[in-house]
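A short write-up of the structure that comes next.
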Amino acid sequence: MITRKDFEAIARWIAPGATVLDLGCGDGSLLKFLAEARRATGYGIENDDAGVLACIGNGVNVIQSNLESGLKEVEDQAFDYVILSQTLQAMKRTEAIVDEMLRVGKEAIVTFPNFGYWKHRVQILAGRMPVSSNLPYQWYDTPNVHMCTVADFDAFCAGKRLTVLSRLVMNGEREAAILPNLTGTLALYRLGR
Amino acid sequence: MLATPQLARFTEPLPLACGTLLRDYELAYETYGTLNAARSNAILVCHALNASHHVAGEYAEAPGNTGWWDNMVGPGKPVDTDRFFVIGVNNLGSCFGSSGPASRNPATGRVWGAEFPLVTVEDWVDSHARLLDRLGIDRLHAVMGGSLGGMQALTWAIRYPQRVAHALVIAAAPNLSAQNIAFNEVARQAIMTDPAFHGGNFAAHATKPRDGLTVARMIGHITYISDDQMEAKFGRGLREGLKFSFDREFEIESYLRYQGEKFSEYYDANTYLRVTKALDYYDPARATGGDLARALAPATARFLIVSFTTDWRFSPARSREIVKALLAGKKPVTYAEIDAPHGHDAFLLDHPQYHGVVRAFLAGAAAAGHA
């Protein structure tokens, strides 16, 4: 799901030596990558037992916690960047987590699968919920509860008066520069207040 | 694995928090594994209320007497003695080998009894540091412990930062809550109101406050187990049906009394009073006006904080206070919240995720060269 290209795209936005909090960090591979590529330091937050164990094995500082209950252990503006990589769509309280990210971080980096990708639209026109390599789950067995398109997220940011500092929509290895909401599979945003 | 208890005698006076100088004292300890040539693979294991320096292995002359953390420490175990040199030390004031109220005061030749000073977690850590000096260990690869042992590990990281590379703080808390202190006080009152207590000098009267100590242990034991676990294990089970008496009728009554009576046979009442008091006094943030992050500022160790979901004695929220303070100081910390049904006692039990986390933390630390 998450490729090295995605990591590289995120790494380009991270200033060298920055402090990073990675929400839903899985096995910690993004943090490990950012430590090597950008000398970034920081912590991951992960709720899953196997993820926590893998992070420790990867030498990544990890805090076992459920993101839905917020980031109570983290002080205001404690990190340069707070990353939520391909997890936004699985959050029950979408607004709350974005608010928390910009409370504890100076900037927020959010990535999510673009529901507006043309192949998804075709499947819906054919009358079925989309299933693809980017959205590999059946509708009845998916962690994703809040799917959105690039256009939806733009509107969300505008409505919340968030500043979109950078936006990159990708299709596999390449940037989806033309009609990104139609041709892109993954959206990456760098947000500020 | 065979264990051999050893005794180290110290004649340089130890200044205690209460103001007393402890002039002459002994520490009982055991070691497992081999100290490497660089003397860099030592792990100190700190014990909780009723444990001792006998952390792992068995005694040649008493094969059934297995160490209290034998599932954690040993060859191939999470704290791997094929790789690490592990030290277990008995705390001052205990009754299992180190100087304490039940041992003789070298100055008078009599049993210390009530005269033995009140010792604190900081005093214990200071005395451990002297043992490490004696063993020629400047810097620990890790210090670890559960419950009160975790508090010692945290204190080690604050008090001797240059001597600790990793600190594992398991099922602990940054201090005791009012409820925790309340349970301790009830336990102490049970002991001190026992007519056989004799103001702590029961040894001189050739007796001991068994009943008080039994009740104290019963109270403590309730706080070590989760409500669900107690329900699952005993429920409302009766031994022989209702007898309209005050005898042991419910299984839980029988269990608690058995545990309490067993404990009262081998544990010293004066030790119980002192250990619960050391718990009550424990509060590293007292020196920094309640600011735990500031109290932890000197620490340079990498931390592993572990809590257990059903622990209501030192709940996950208490461990999260430690995590929060470490995060505020940008200290390297990993926090694992283990989903275990057993309550506080879970830290002593074999649990795959818990043991996996400890194993990975110690192994990864060694692999990444965080020495």
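Please state, as a whole number in µm²/s, the translational diffusion coefficient that the Stokes-Einstein equation yields for the stretch A:138-186 at 10 °C and 1.306 mPa s, with Rh defined as the Kirkwood radius across alpha carbon pairs. Translational diffusion coefficient: 128 µm²/s.
Only beta bridges with both residues in chain B are counted; by DSSP, about 35 percent of them are antiparallel. Between A:R121 and A:S166, the contour length at 0.36 nm per residue exceeds the Cα-Cα span by 13.6 nm. Annotation for the stretch B:217-276: GluC sites (Glu not before Pro) lying in DSSP loop with at most 12 further Cβ atoms inside 10 Å of their Cβ are B:E240.
Of the beta bridges in the stretch A:5-192, as assigned by DSSP with both residues counted there, near 45 percent are antiparallel. Around the Cα centre of the stretch A:5-192, unit charges on the Cβ atoms of Lys, Arg, Asp and Glu (plus for the first two, minus for the last two) sum to a dipole of about 620 debye. With the simple spin-label model, which puts each label point 7 Å out from Cα in the Cβ direction, the A:H146 to B:D24 separation comes to 7.1 nm. For the stretch A:90-193, the list of GluC sites (Glu not before Pro) that fall in a loop by DSSP and count at most 11 other C-beta atoms within 10 angstrom reads A:E173.
Amide H to amide H, with H built 1.01 Å from N, A:L191 comes under 5 Å of A:A108, A:I109, A:V110, A:L165, counting only residues 5 or more places away or on other chains. Taken as Cα centroids, the stretch B:103-155 and the stretch A:53-119 sit 43 Å apart, rounded to the nearest whole angstrom.
Using θ = phi - 60° in the Karplus curve 6.51 cos²θ - 1.76 cosθ + 1.60, the 3J(HN,Hα) couplings for the stretch B:55-70 round to 7, 8, x, 10, 8, 4, 8, 9, x, x, 8, 8, x, 6, 10, 5 Hz; x is entered for Gly and Pro.
With the simple model of a label 7 Å out from the Cα in the direction of the Cβ, B:A287 to B:A182 spans 3.1 nm.
For the peptide B:350-358, the mean number of other protein chain Cβ atoms found within 10 angstrom of a residue's Cβ is 2.
The simple Förster model, with R0 at 35 Å and r as the Cβ-Cβ distance, assigns B:E265 and B:D133 a FRET efficiency of 0.45. Entry note, the protein assembly as shown: the mean residue ellipticity at 222 nm calculated from DSSP H runs of n ≥ 4, each adding -39500 (n - 2.57), is -10000 deg cm²/dmol after division by the residues and rounding to the nearest 500.
If the segment from A:S69 to A:F156 were pulled out straight at 0.36 nm per residue, it would be longer than the present Cα-Cα gap by 29.2 nm.
The gain in end-to-end length when the B:Q6 to B:R236 segment is fully stretched comes to 78.3 nm, 0.36 nm per residue minus the alpha carbon separation. In this structure the stretch A:5-192 gives 44 Å² per residue of accessible area when probed at 1.4 Å with all protein chains present. Helices that extend 15 Å or more along their long axis by alpha-carbon positions and average at least -0.5 on the Kyte-Doolittle scale are, among the DSSP H runs of chain B, B:121-135, B:148-159, B:178-192, B:210-224, B:269-281, B:316-328, B:352-367. For the cross-link pairs B:K277/B:K331; A:K92/B:K324; A:K92/A:K119; A:K72/B:K331, the ones whose C-alpha atoms lie over 28 Å apart are B:K277/B:K331. Taking label positions 7 Å along the Cα-Cβ direction at both B:K330 and B:R294, the computed distance is 2.0 nm, reported to one decimal.
Interface burial in the stretch A:48-97 reaches 40 Å² or more for A:D49, A:L53, A:I56, A:N61, A:I63, A:Q64, A:E73, A:E75, comparing the full protein assembly with the chain by itself; accessible area from heavy atoms with a 1.4 Å probe.
Pairing chains A and B buries close to 1800 square angstrom of accessible surface in total, based on protein heavy atoms and a 1.4 angstrom probe.
For the stretch A:5-192, the square roots of the Cα gyration tensor eigenvalues, ordered a ≥ b ≥ c, give a/c of at least 1.5 with a/b greater than b/c, which places it in the prolate category.
Qualifying trypsin sites (Lys or Arg not before Pro) in the stretch B:229-334, where qualification requires a DSSP coil assignment and no more than 15 other C-beta atoms within 10 Å, comprise B:R236, B:R239, B:K243, B:K330. For A:S133, put the label point 7 Å out on the Cα→Cβ axis and report which residues of the stretch A:164-193 keep their amide N under 14 Å from it. Residues A:171-174, A:185-186 fall inside that zone.
The values are calculated or read from the model by the stated rules, or taken from the named source; none is laboratory data. Keep in mind the model is a prediction, meaning the values are calculated, not measured. Note that we place each Cβ from the backbone using ideal geometry, even for glycine, and neighbour counts take in every protein chain shown. The area values use the complete protein model at the heavy-atom level, side chains included, leaving out ligands, DNA and RNA. Shrake-Rupley method; radii C 1.70, N 1.55, O 1.52, S 1.80 Å.
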